[in-house]
Amino acid sequence: MDQQVVKLAEETLARQDALAKELSDPNIYSDQRRYAEVAKEHARMRRGAEMSQGLLDAIEEGREARELIPTAETAEEREFYAEEARAAEGKVEELTEKIRAELIDRDPNDDKDVIVEIRSGAGGDEAALFAGELFEMYSRYADRLGFKHRTLSSNPAEVGGYKEVIVEIEGDGAYSKLKHEGGTHRVQRVPRTESQGRIHTSTAKVIVLPEAEEVEVEINAGDLEVDVYRSSGPGGQSVNTTDSAVRITHKPTGLVVTCQDEKSQLQNKEQAMRILRSRLLEREQREQREKEGALRLSQVGMGDRSEKIRTYNFPQSRITDHRIGHTSHNIEGVLNGGLDEFTQALAAKERADRLAAEANPVASGDGASG
């Protein structure tokens with residue numbers, strides 16, 4: 001029996017009970033922010049608490065069955081109690097693994113909101129149009145999940161779509177749903193401007209960042225260079241007659257964030273700081289993982305045609321995720337937000353990889369993701 005898991009199960013149930021008591025106190029409604037935080041944590045812990053209670057019940061059932069074995073008056077009765085004990089032990093093993101995956105091995109970022117950056121890559125105008133379709137796909141997927149989403153920053157292309165667009169998605173477990181979308185997405189189709197009917201290949205780069213709280217990333221004001229300028233639309237069109245656009249440069253890392261979608265300079269600065277915090281948090285966590293010998297992020301790359309995690313082939317109405325070899329022939333449905341078959345398969349692969357890494361920790365330290 002894994003005592004670490006048992007202790008965690010007990011702590012989880014105690015925490016869930018404390019949260020339930022806090023929610024039942026009428027005074028909590030006077031502080032809506034606190035109420036929202038407690039309600040969110042309570043809902044998030046429900047699954048882990050149910051498994052924890054099941055584990056403790058199974059441990060007790062096994063103990064009681066073992067205690068009854070010496071009191072049995074017949075061989076049949078003794079075998080009955082022994083079978084009860086074995087069944088309880090099997091349940092304990094099963095729930096121990098589930099709790100380990102849910103509460104111990106889970107990515108600490110999984111419950112966070114997420115910032116998704118989409119940039120056009122190789123392919124010119126067609127790449128910008130494809131970036132726009134990916135933006136719509138993630139927006140519709142968020143709608144299906146009941147998540148909120150809003151555009152933090154965008155750089156539209158003249159032909160439509162985006163050179164770059166950054167969207168924030170808020171919802172319980174948003175990062176866990178979208179984290180595997182990071183990487184180079186490749187599209188194969190006949191562009192609107194192609195008169196010969198030839199299929200072209202273009203790419204868009206997706207970067208997925210867990211949204212960072214202010215307390216998680218400390219940024220010194222002296223490390224920032226803040227420039228303001230006039231917002232402009234595609235092709236240099238002026239969309240604002242005041243200097244409301246903001247560019248923030250983080251001098252120690254060289255990271256640059258620009259925002260111009262909001263009407264006021266203050267709002268654009270706030271948006272830019274949110275993006276910067278998330279980029280810095282992701283950078284810090286990635287460096288830590290690499291330092292510990294963990295797998296490199298699958299979403300690194302320059303957006304070249306050869307680097308791809310998923311291909312969208314329009315002539316064959318086919319989408320293939322190259323990391324798991326999963327193919328869907330419902331390209332329209334997926335682009336309309338039906339991403340579950342991919343996100344679920346990728347989450348299952350993550351769990352399998354984690355179990356394999358635990359079983360063979362030496363080999364897991366020197367691999368590279370693909």
Open item on the list: Could you tell me how many of the residues in the range 31-48 are surrounded by 15 or more Cβ atoms within 10 Å (Cβ to Cβ), among the hydrophobic types (A, V, I, L, M, F, W, C) and in contact with an Asp or Glu (Cβ under 9 Å, 6 or more places away or on another chain)?
Closed with: 1
Task: Every residue from the range 4-58 that is in contact (Cβ under 8 Å) with a residue 60 or more places away in the chain and either in contact with a Phe, Trp or Tyr (Cβ under 9 Å, 6 or more places away or on another chain) or among the aliphatic types (A, V, I, L, M) (or both) - done: 5, 8, 9, 43
Open item on the list: Between a residue in the range 330-352 that is assigned by TED's automatic domain parsing to the domain that holds residue 319 and any residue that is hydroxyl-bearing (Ser, Thr, Tyr), which pairs come within a Cβ distance under 7 Å, given they are 6 or more apart or on different chains?
Closed with: 331/312; 331/317; 334/328; 337/141; 339/141; 341/328
TODO: Considering (1) farther than 24 Å from residue 172 by Cα; (2) within 25 Å of the chain's Cα centre (by Cα), say which one residue 47 fails and leave the rest.
DONE: (1)
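Quick grid of which residues meet (1) in contact with a Leu (Cβ under 6 Å, 6 or more places away or on another chain); (2) within 27 Å of residue 267 (Cβ to Cβ); (3) modelled with pLDDT of 95 or more; (4) buried (at least 22 other Cβ atoms within 10 Å of the Cβ):
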site	(1), (2), (3), (4)
74	no, no, no, no
108	no, no, no, no
114	yes, yes, no, yes
118	yes, yes, yes, yes
123	no, no, no, no
131	no, yes, yes, yes
138	no, yes, yes, yes
173	no, no, no, no
Task: Conditions (1) part of a helix (DSSP H, G or I); (2) under 30 Å from residue 5 (Cβ atoms): number failed by residue 132 - done: (2)
Open item on the list: Could you go through the range 294-315 and let me know if any residue there is more than 20 Å from residue 180 (Cβ to Cβ), at pLDDT 90 or above and exposed (fewer than 14 other Cβ atoms within 10 Å of the Cβ).
Closed with: yes
- [ ] Give me a count of the residues in the range 161-183 that are within 16 Å of the chain's Cα centre (by Cα) and part of a strand (DSSP E or B).
- [x] 6
Open item on the list: I need a count of the residues in the range 251-264 that are modelled with pLDDT of 85 or more and surrounded by fewer than 18 Cβ atoms within 10 Å (Cβ to Cβ).
Closed with: 7
Open item on the list: Here is a check on your reading of the model: is residue 157 modelled with pLDDT of 95 or more, over 30 Å from residue 42 (Cβ atoms) and of a type in the set (A, V, I, L, M, F, W, C)?
Closed with: no
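The values are calculated or read from the model by the stated rules, or taken from the named source; none is laboratory data. Note that the structure is a prediction, hence the values are computed from the model and not measured. Note: ideal-geometry Cβ built from the backbone for every residue, glycine included; neighbour counts use all protein chains shown.
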